[in-house]
Amino acid sequence: MLRIFTLLICAGILLLQGCSSSKMKPPKQLQQTTASVIQIKDPWVRAVPPNANNSAIFLDLRNESEQLRKLVEVHSEVAERVELHMTKDEEGMLRKQRLEEVLIPALETQSFHPGGIHIMLIGLHSPLEVGRVIKLELVYADQSKETISVPVDERPLLPITAQNNHSPDSLTTRTQ
Ligand SMILES: [Cu+2]
């Protein structure tokens, strides 16, 4: 709240100074890196059987700034390739599409969840069993980075019949 209040004051000062402020620095928030304004919530990676090649990571990215932010790359040493993916329901067929970037709108939360946007681990180097924690590096469009710990977890999958239900609650329990 205090931060929002401070920003309002900054905005007010800018307005008062009008066009004469061209030499002034931009408001503080514009100088903040994306990594410093994104809050990461509830990251987890799906546990898979030892012979599995792929898995997926889910999380919520909350943008605390008033500018659009973008996630452009993800890295992890647990797999050969790590990609941003989107699962789409096309006439009952679930198709995956690779994304170049994931947008995180101002003051909103972008949810990576089963059945939607997810981080795909392709070519796992070792098994992902519950209890293990892996490292994931997030790279944003401004090249700021953050490395986070992601616990391996098992969460229920919904039955196929629930796949046509698009309510947000059902999406959080769907498979990738
Ligand atoms: Cu995928």
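The values are calculated or read from the model by the stated rules, or taken from the named source; none is laboratory data. A quick note: this is a predicted structure, and the numbers were derived from the prediction, not measured. Cβ atoms come from the backbone with ideal geometry, glycine included; neighbour counts cover every protein chain shown.
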If I go through the range 68-93 residue by residue, how many of them are in a strand (DSSP E or B) and either without any contact (Cβ under 8 Å) to a residue 12 or more places away in the chain or more than 10 Å from the ligand (Cβ to nearest atom) (or both)?
15
Could you pull out the residue among PRO105, PRO114 that is modelled with pLDDT of 95 or more and either assigned by TED's automatic domain parsing to the domain that holds ASN51 or over 24 Å from VAL37 (Cα atoms) (or both)?
PRO105
